[in-house]
Every structure is written in C-alpha cells, then in structure tokens.
Amino acid sequence: MSAAGDTDTVQALALEEQRLRALEVAGQVPDPEVPVLTIADLGVLRDVRVREGGVVEVDITPTYTGCPAMAVFTMDIETALLAAGFSSVRINTVLSPAWTTDWLSAEAREKLRAYGIAPPAGKASRRALFGDDQVACPRCGSLETEKVSEFGSTACKALWRCRACAEPFDYFKCH
Amino acid sequence: MTDALFTYVLRLADDAAILSQRLGEWCGHAPTLEEDIGLANVALDHVGQARALYSYAAEVEGKGRDEDQLCFLRVERAFRNCLLVEQPNGDFAQTIARQLFFSAFMLPFWEKLTGSSDATLAAIAAKAEKEAAYHLRHASEWTIRLGDGTAESQRRMQEAIDLLWPYTGELFEADDTVSQLVAAGIAVDPQGLRAGWLATLSRVLEEATLTLPAQGWMQTGGRDGRHSESFGHLLSEMQYMQRAYPGRNW
C-alpha cells in the first residue's frame, strides 16, 4: 500500500470516528415535549455525515408535518454539536420514508409508559375508519380505558381516561 | 410541464393553508375544550402540509420566492384553493360537514399520490395521508354524533350537508393542468376517486341517519382564482402581519 493510501485510510477512519461521535451527541437531544425520549429513540434522527474541518450535516424527519417541536429540535441539535466542538452544523429535513411509531424501540415504549404516557398500541400499518386499539392505562395497567379525544396536547398524542383508576392520561398515537 | 406542476402543487398548498386558517378561527371558540384542542391539531396538520407544499412550489417555480411569500404576499385572485375549504365556519355542524367532505376526498387522494412519479409529492403524500386518516375519523364521528343526536342537532347537520354540497363538485374537476400531469404519472386523476368518496359518505351519513344530497348543480371557480365573497376577509386576517411588517419572521 502506498503512503498516500495510508493517509487516506487514516483520514477516513478519523472522519468515521467523528461521525459516530456526532451521531451520539445529536442522538441524545431530548424531545422538548416528551423529554424522556431522545431524537434517536423517536427515529427523528435519520443520518449524520461529517466533512473535513468538523462540518456536520444532520438529516431529521418530522413526526407530523406541522410538529412545532421541529424548530426546537433543529436549534438543540445545532447547539449540542457546536458545544461538542464541531465547527459548523447543517440540518436537512427529509420527508421520506415517512416517520412511523413502528420505529419506537421496546425500550423507548417502556420509557414512555414509566413517564405516564401510554405507548402506541399495535402497528401503524393496520388501520380502520372506526375502532381503536386496546390501550393499557400507564398508571394501573388496566385495559378498562376509553378515548376522550383523538387529539391531545401535542400532535402525536390523544387524550384517554382509565375507568379502573379514574386517571386521565396521554396516549402516544399509533402513527 | 413546469408551469402545470407549479399550479398543481400551489392548488394543494392553498387548500391546506386556507383550511388551516378557517379551522384556526375556532381556537378559543369550540364547543368543548377537547374539541378546541382537536380542531387546532387538525389546523396544525394542514399548516405543516401547506409549508411542505409551498416550499416545493417555490422550488418548482424557481423565481426566488419562498413559502412565506407564496402564502402571505399573493392577492385573492392568485389563490388556487377550491371553494369548499374557504367556506365560513358557520355553526359547528357546517365546520364538520366541510371537514367530512374534504377529508373523505383527501385521504384516498394522498394514498394515490404516494405512487406519484414525482418523488417530492410522493413523500409529502406519505406523511399527509396518515394525518388525513385522523381528520376523516374525527369528522365522521362528529357527523354521526350530531346526525344521530337530538332533533335539533340532526336538523342542523343535515342543513350543513345540503349547504356545502354544491362545493364538492370542484374536488373532482380535472382541467388541462391536471390531465397533463395525470398523463405524466405525477398527478392523481380525481375522477377515479369519486366512487370511493361517495361510498365513504354514504356509510357515514347512513349511520348518522342523514340523507346524501342528489347530484345537482355544482359551484366552480376556485382553481382559476374566482373566490367567494368572504375570501378577501379571510386573506386580510391571514396576511395582516406580513403586509404590515414585510419580511418579518420569528
């Protein structure tokens, strides 16, 4: 292998190391409205690329098209990466593939439940005009629950109520 | 083809923007707190769709305009939304009838558009389609609740359906712009959605003990910039900030 080839390999490895670090830093940014989840948990963070000179490009995807948290995500990612020593940050919004709650890991679902938000029940691909999934109360676990409204405090949540323990709760909609 | 695509995307963007403005008028005025939040959520989905569509329209046009200029700095005759979305909120039943007619059309429309040969439109459609499913369910549940409710709520819901019916024909219009893009695999042929739309409405209205109006005469003009009397008032409110303080942003 030539000396020039070695230098290229070393540079590529250094960039890859920086990319992984940028991915970790960006991935730890919390959702401003559901702070127990990070943008990595949510699947909002799609890709990170690092160019020479510490320039980072981040791809994120919106949960719902009008989600106001996207502006906060953008600012927080930029702040976190600059604080971690990267020289400049560019954030792209990508629409495809469309975000789905199917991307939430089992761990992320458990974090939601422990926080008091019922995690999405079932698969986003299964859908009917009427009828709801069975949603377990995040407090007492009862399935004796009912929907109060399809729409809640944020675009991603619905309002539900537990008939067993009488607790009202947010349900992270299957989307 | 670029002109046609620009017009097509602009029409979709205007539909979303104008409906979101109408729905936003309910904020603080809806019959219950949950419904206030619900309508604001639906409005927000339409704001998001409008932003994506206006940004794409601006890109297609290539004249250096951006989403804000398209939404806030065009005059009445330059808007290409259908007449249905600009109709005043009226009583709550009229708002729900407008939502029912529109969302029952848009859900299958977005589903079809996900197969567009235009990658950006297909991507926007894949997101919007999921949101439209909530909008249709929301409108359907209210239509049934009001139709199959008291004598008064049933009378008002039926009147709302009849009042807005003449504005539904425009949803299925396909002028040269649409036909050209359908042939290119970019646009959805609205005529192909008619049977499914009627089937959805029939199912909901039957459960709501309401009557589907007879076909009848249909209003038209919105797609060419001829709007209803109240449209100028809507725009003056929606565009006030950018007109008063040009170029201002958050």
Principal axis extents for the stretch A:102-172, Cα atoms only, whole Å, descending order, please.
30, 30, 22
Proximal charge balance of B:ALA119 [Cβ under 14 Å; K/R count +1, D/E count -1]:
-1
Tell me the net charge near B:GLN242. Cut-off is 10 Å between Cβ atoms, B:GLN242 excluded, with +1 for each Lys or Arg and -1 for each Asp or Glu.
+1
From the alpha carbon gyration tensor of chain B, can you work out the equivalent ellipsoid semi-axes (sqrt of 5 times each eigenvalue) and give them in Å, largest to smallest?
28, 22, 16
Within 10 Å of each Cβ of A:94-106, how many other protein chain Cβ atoms are there on average?
3
In whole percents, the bins of 5 Å from zero upward hold the Cα-Cα pairs of the stretch B:86-145 as 4, 21, 23, 18, 15, 10, 6, 2, 0
Restricted to the stretch A:3-93, the DSSP antiparallel beta bridge percent, nearest 5, is 55 percent
Which of rounded, prolate, oblate describes the stretch A:3-93, given a ≥ b ≥ c as roots of the alpha-carbon gyration tensor eigenvalues and a/c under 1.5 marking rounded, otherwise prolate only if a/b is larger than b/c?
prolate
I'd like the projected area of the stretch B:1-96, averaged over all directions, using the convex hull of its alpha carbons. Report it in nm² with one decimal.
6.2 nm²
Count the net charge of all other residues whose Cβ sits under 9 Å from the Cβ of B:PHE231, scoring Lys and Arg as +1 and Asp and Glu as -1.
-3
Pull up all non-local amide H partners of B:GLY149: gap of 5 or more, or a different chain, and H-to-H distance under 5 Å with H placed in the peptide plane.
B:GLN154
Cross-link reach from A:LYS123 to lysines, straight Cα distance under 28 Å and at least 8 residues apart if same chain, gives A:LYS111, A:LYS147, A:LYS157, A:LYS173, B:LYS112, B:LYS127, B:LYS130
In order through the stretch A:39-56: 3J(HN,Hα) via Karplus (6.51 cos²θ - 1.76 cosθ + 1.60), integer Hz, x for Gly, Pro:
5, 6, 4, 6, x, 6, 7, 9, 6, 9, 10, 10, 9, 4, x, x, 8, 10
Can you list, bin by bin at 5 Å, the percent of alpha carbon pairs in the stretch A:17-175, starting at 0?
1, 9, 17, 19, 17, 13, 9, 6, 4, 2, 1, 0
Taking only the Cα atoms of the protein assembly as shown, how large is their convex hull per residue, in Å³?
174 Å³
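Rule-based calculations on the coordinates, nothing more; no lab input. Since we're looking at a predicted model, the values are computed, not measured. Cβ sites come from the backbone with ideal geometry, for glycine too, and all protein chains shown count toward neighbours.
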